[in-house]
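The values are calculated or read from the model by the stated rules, or taken from the named source; none is laboratory data. Remember, predicted model here, so these are calculated numbers, not experimental data. Cβ coordinates were reconstructed from backbone atoms using ideal geometry, including for glycine residues, and neighbour counts include every protein chain displayed.
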Amino acid sequence: MSTLPDAHDVAAVAPPTPSAGPSLSMTADKAREVTSRVQAWMSHNVMGRDDVIELVLIALFGDGHVLLEDYPGSGKTTLANALGNAIDDDGHAEDKLPEFRRMQFTPDLLPSDITGVMMFDLESNTFHFRRGPVFAYVVLVDEINRTTPKVQASLLEAMAEKQVTVDNETHQLDDLFFVIATQNPLDAVGTYPLPLAQLDRFLFKIKMRHIARDAELEVLASWGKPRKATDLPKASRSEILATRRFIREEIVVSPHIHVALVDIARALRADKRVIQGVSTRSLVLAIPALQTLALLRGRDYVSPEDISDLAVPLWQHRMELVPGIDDASLVISDCIKPPLEALSRATLRG
Amino acid sequence: MTATTANGLTGGADPQRTDDAAKRPSESRAVMGVKLLMALAALLFMLRPLTTTAGLVAAATAIVAAFVVARWAYTRGMRQPAAVVGGVAFSGLAWLLSNLVRDAGWLAGLLGVEGAIIASDVLLFGGALFGVLFTIRFLAQSGRLFTVIEALLIVFSVVYTFSDHRHLRLNQPRFFSDWALSNGIDPTVVLMGMGVTIMLLALVMFMRRQGGLKAILSMLFAIIVGVGVYLYIDDDKVQPAVLTNGLGLTSDEQSDNKDSQSNNDGQSDQNNDGPSGGNGGGDGDSPYKQNYDNSDKPKPVAVVAFHDDYEAPEGILYFRQQVKSKFNETHLAADGTYDHDVIDVFPQAASGSGPVAAAPSQNLDFHKKVPTSVYLIAQHPQPVALTHATELKPLDNPNSRVFTAAYGVTSHVLAGDMRRLLGRPSVPDEWTDEQRAHYLAVPDDPRYEALSDILVRDLDPRFRDDQLMKALVIKRYLEKEGYYTRTETHTDESDPTASFLFGSLRGYCVHFAHSAAFLFRSQGIASRVAVGYAVDTRKRSGGSNLLIYGSAAHAWPEIHIAGVGWVTFDIYPEQSDEPPTQVVDQDLESLLGEMAREDPTGGRADDPNKSPFPWLTILWSIIGLLGLLLLTSYGIKIWRRLKPRFGSDSGSHVWTLRAALDRLADVGITREHGETRERFAARVAETTPSLAALTSANLSGALGRGTDPRETSRIYDAVSSEFRDNVHWFRRLLGNLNPIGWAFTR
């Protein structure tokens, strides 16, 4: 049921990408093949989390970061590790970056612990920048709310700007830099909750639920058995970047979609249950995510269905609700209906 | 690789579905108790005049039972459709059984007449009422909206009962009105106050859980229903009742009246000359024992509907029933020998004789035609018609309980000034000697001629030979010298006319008419006495209906003028002991008039104002409008269905999907609010699997890079064939007939 135009059509209009990274000609099929390789890696390693895997995949190719709200021991690290393993460094960088790093945030952490420090080199009598753990493709930040706002802020700069500044010296992070942060929804004692402005920098907040019974049984059954992960093909860094560019440039976002997004944002701001509505940045961030989902669904255009599916993870953490209203998803599902209805009507107009 | 399901992502976005509450809380016992009391009061109040004691007991039992059973059924979770169907079916069954018991002879034989009536009443007021009340109560518990029906039931019963009291018809319940009257209070006020109180109580009781606006709206609605009931009963029930009251007769009394009339006919020498008495006097009857109706309230005897505006020259309209021209020793008597210009038989529609025409006598140069419709209320042996009736044609009787006869009349009434009639002889040349003698015969008493000679002696020499002027002089004399009274009847005299004319000059219309006729005749003026009704229209307001009371009975002279015809020549005595004429009951007049006009033909077929309100026109307009809407709907439907075949290629992704969705909507498959197109397509995949592809084509065309029109129309054909394969032909047929399915396409 794919209605994607023939591959050569898309290839014909796809412009060359000479600017950043290696030039790699991309087609829709190729792009989806890249995404499916990453997805296969994660699905192979994480069981019963297909929904989360898809969202993480969307965030990765939509150039965003995700915040997982989850209980301990639910497979976050496994998931992040699998993602890191799925990426293959094809040796573009002058010095090799690790695919995956994991940071456990604690109250005594310092910003330099994550960004890196200037170290004095006795041999050359100069300071050298020693990279911190953020210099990786995929970074898992465990319990992001357990550290001080200072550390949080430095991480957030890295996430938003893809750079770190140490001693007034700016160091670029890799283009692929992708953060999976986690926080425990219940154990809030001694934490520094992220303010709304910082939460806004995450593309998705994913509330994970316990996996299904069969999946849990499968986890137990397969535990301890060696995984033959190496069989699976990896996706190289340059392929992922090229796919990102392809998605940005080739998946059509109709003006109708823009209208619907703005109308949804306005409806969310006007809703009586909402104190602070969603930001304009969230709409900007939403577009690549919607495009990625469209690609995953085999389309070359963003459809109302994409908005309907991504609305809750996109916006649920960006709003402050009136005390007494707990479930942002209900508010969102109410507010997206009229704009999406208008969008549906627009598609039936000649 | 695109098989990722959306379930995981959308789970959070779906609205929480609330399960239907397993237990169904009903209203509190106290509320139910109060409602029960109110229903008992209102319904028993309404039913009390309608049924027997047994029926009342059955009704009370049924009301209580309905409340209890409905509450039980509701709390036990009976389904609403089942309750409604059960209640209505029970009701209908009880009603049918009640009719059966009442009408079936063998059952009556078994139970006895009284037993059958009681059983029928119990079935109707127990069983049928139980079914209806059960349904209403059940609905009222399941939905707040339905409590309005309860309130309306109360309002209906109260209004129904009190509507009997309009027109001061103090029927039921007597105990209120009698009490009020005996204490000198207008019972209308008391009853209206009670009605308003009960209605407000009902509204407060049933509407208290609602907001202000809703309460006001409900109140308005209830008032509209109340007024509707009032008006409905006005048409259907009260009018005949009011009518009999207006006549002072019930139907039984009327038939008694007829009996007594026939008895009177049997006793042939009753002197019943007045038209209200009915049987015109035969030969030998004296006209003077006028049987005046001395009761306080005059009886209406006829309604006359004027087709055109007509105003009588002197303000008095003469409706003639009979003429008396044959001289009979002391007075004039009816005789059919020569008065062929007077119609004395009713036109019979049934016998097929059709219109009855009079012998031509009135010259149209001096007369104009006035068409009227007459509806007789009292029995008359001859038709009553506006002078001078030339043709009578039968009409359908609009209400045989009220009217004894109905016919259309064409009358020739004198037009223009009296002066035009001057200079003509009274007796035309073509009259035979017998006829001449017939109309000129006078008593063998020289005083008549002597008196008339004295009167005409002083006439202006120019008019000395003019017979009309002579008649006018005689008329003036009688008017100036005569004294109108009903107290002196002169019936003991051998010649009452002479006794009146040469004696006291005190008498009533018969005396005046005969005196004038004999004086005219003694001067060679052909004359006769007409009997009927003279209605003074100066004291009535406008309106094309005229109500004739029995008190308007009158006798007046007519004179003949050659070349013109018979001319009404009434005497208006200047002195009178009569009280001012009875004020016409406007309400009764218009009411009877309207009743008369219900006659579908009514003799008014050529009247542009046939119906006061164009119900039929409105009905046809509505039907026409609905038909037009239907045609437009089908037009839009067909246009949308055929658009994919010849629409432009650029819009094919729209036309095809729209046509496909229309088909689904026709058979009731529609997208829900908030459901995306893709999800809808997935939902109906069992019926039309290709709809998903068509939806994608549409979205791609609208939101993406566009689609291939040929491919789109191929998918559309696939959807169409799937639709044909998977939807039952009967459902498809109904869908094709559905004119508004497209309106539900979203």
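Give B:Asp649, B:Asp725 a once-over and let me know the one that is more than 26 Å from A:Glu250 (Cα to Cα) and either touching a Pro at 6+ places or on another chain (Cβ under 7 Å) or in the same structural domain as B:Ser633 (by TED's automatic domain parsing) (or both).
Values: B:Asp649 fails: more than 26 Å from A:Glu250 (Cα to Cα).
Selected residue: B:Asp725, the only one of B:Asp649, B:Asp725 that is more than 26 Å from A:Glu250 (Cα to Cα) and either touching a Pro at 6+ places or on another chain (Cβ under 7 Å) or in the same structural domain as B:Ser633 (by TED's automatic domain parsing) (or both).
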Revision key, fill the gap. Here the residues within segment B:648-674 that are surrounded by fewer than 19 Cβ atoms within 10 Å (Cβ to Cβ), within 14 Å of chain A (Cβ to nearest Cβ) and either of a type in the set (Val, Ile, Thr) or in a loop (DSSP other than H, G, I, E, B) (or both) are B:Ser648, B:Thr670, B:Glu672, B:His673, B:Gly674
Practice item. Say whether the condition of being buried (at least 17 other Cβ atoms within 10 Å of the Cβ) and closer than 23 Å to B:Thr337 by Cβ is met by at least one residue in segment B:490-500. Key: yes
Study note, to complete from the structure: If we take segment B:431-544, then helices (runs of 4 or more DSSP H) inside it with 2 or more residues that are at pLDDT 85 or above and not hydroxyl-bearing (Ser, Thr, Tyr) are B:433-440, B:446-457, B:467-481, B:509-522
Review point. Between a first residue in segment A:309-329 that is acidic (Asp, Glu) and a second residue that is outside any loop (DSSP other than H, G, I, E, B), which pairs have beta carbons less than 9 Å apart while being 6 or more apart in sequence or on different chains?
Key: A:Asp309/A:Leu293; A:Asp309/B:Leu9; A:Asp309/B:Thr10; A:Glu320/A:Leu196; A:Glu320/A:Val274; A:Glu320/A:Ile275; A:Glu320/A:Gln276; A:Asp327/A:Leu321
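Looking only at strands (runs of 3 or more DSSP E) that fall completely inside segment A:50-132, which ones have 2 or more residues that are within 14 Å of chain B (Cβ to nearest Cβ)? Step through it out loud before you land on a result.
Details: elements: A:66-69, A:100-104, A:116-121, A:126-131.
So the answer is A:66-69.
Would you confirm, using the coordinates I've provided, whether A:Leu285 is surrounded by 18 or more Cβ atoms within 10 Å (Cβ to Cβ), within 14 Å of chain B (Cβ to nearest Cβ) and in a helix (DSSP H, G or I)? Give the steps one after another, and end with the answer.
On the way: surrounded by 18 or more Cβ atoms within 10 Å (Cβ to Cβ): yes; within 14 Å of chain B (Cβ to nearest Cβ): no; in a helix (DSSP H, G or I): yes.
It is false that A:Leu285 is surrounded by 18 or more Cβ atoms within 10 Å (Cβ to Cβ), within 14 Å of chain B (Cβ to nearest Cβ) and in a helix (DSSP H, G or I).
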**Study point:** Candidate set from segment B:312-340 (those that are of a type in the set (Asp, Glu) and surrounded by fewer than 19 Cβ atoms within 10 Å (Cβ to Cβ)); member that is modelled with the lowest pLDDT
**Key:** B:Glu314
Review point. Can you spot a residue in segment B:673-682 that is in contact with a helix residue (DSSP H, G or I) (Cβ under 9 Å, 6 or more places away or on another chain), farther than 15 Å from B:Thr745 by Cβ, assigned by TED's automatic domain parsing to the domain that holds B:Ile740 and among the β-branched types (Val, Ile, Thr)?
Key: yes
Review point. Are any of the residues in segment B:373-387 without any contact (Cβ under 8 Å) to a residue 40 or more places away in the chain and assigned by TED's automatic domain parsing to the domain that holds B:Ala305?
Key: no
Revision key, fill the gap. Within segment B:687-708, of all residues that are within 29 Å of B:Thr632 (Cβ to Cβ) and buried (at least 19 other Cβ atoms within 10 Å of the Cβ), the one farthest from the other protein chains (Cβ to nearest Cβ) is B:Thr688
Check your understanding: Which number in (1) surrounded by fewer than 21 Cβ atoms within 10 Å (Cβ to Cβ); (2) within 60 Å of the chain's Cα centre (by Cα); (3) farther than 28 Å from A:Cys335 by Cα; (4) within 13 Å of chain A (Cβ to nearest Cβ) marks the one condition that B:Gly735 misses?
Key -> (4)
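Go through the residues of segment B:112-127 one by one and say whether even a single one is among the polar types (S, T, N, Q), in contact (Cβ under 8 Å) with a residue 12 or more places away in the chain and surrounded by 16 or more Cβ atoms within 10 Å (Cβ to Cβ).
Taking segment B:112-127 and keeping what is among the polar types (S, T, N, Q), we get B:120.
Checking the rest, the ones that are also in contact (Cβ under 8 Å) with a residue 12 or more places away in the chain come to B:120.
Still in the running and surrounded by 16 or more Cβ atoms within 10 Å (Cβ to Cβ): B:120.
Among the residues of segment B:112-127, at least one is among the polar types (S, T, N, Q), in contact (Cβ under 8 Å) with a residue 12 or more places away in the chain and surrounded by 16 or more Cβ atoms within 10 Å (Cβ to Cβ), which makes the answer yes.
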Study note, to complete from the structure: Those residues of segment A:198-245 which are more than 14 Å from chain B (Cβ to nearest Cβ) and free of Cβ contacts under 8 Å to residues at least 40 places away in the same chain amount to A:Arg213, A:Leu217, A:Leu220, A:Ala221, A:Trp223, A:Gly224, A:Lys225, A:Pro226, A:Lys228, A:Thr230, A:Asp231
Review point. Among the residues of segment B:63-75, is there at least one that is more than 19 Å from B:Ala41 (Cα to Cα), among the aliphatic types (A, V, I, L, M) and without any contact (Cβ under 8 Å) to a residue 24 or more places away in the chain?
Key: no
Check your understanding: On the given criteria, is B:Leu631 modelled with pLDDT of 90 or more and under 30 Å from B:Asp666 (Cα atoms)?
Key -> yes
Study note, to complete from the structure: Out of (1) under 22 Å from B:Arg746 (Cβ atoms); (2) facing chain B (nearest Cβ under 8 Å), the one A:Cys335 does not meet is (2)
Review point. Which condition number in (1) more than 14 Å from every other protein chain (Cβ to nearest Cβ); (2) assigned to a helix (DSSP H, G or I) is the one that A:Val278 fails?
Key: (2)
Revision key, fill the gap. Checked segment B:715-729 for anything over 60 Å from the mean Cα position of the chain (by Cα) and surrounded by 16 or more Cβ atoms within 10 Å (Cβ to Cβ); matches are B:Ile715, B:Tyr716, B:Ala718
Revision key, fill the gap. If you go through A:Arg248, A:Arg266, the only one that is away from every other protein chain (no Cβ under 14 Å) and under 14 Å from A:Leu295 (Cβ atoms) is A:Arg248
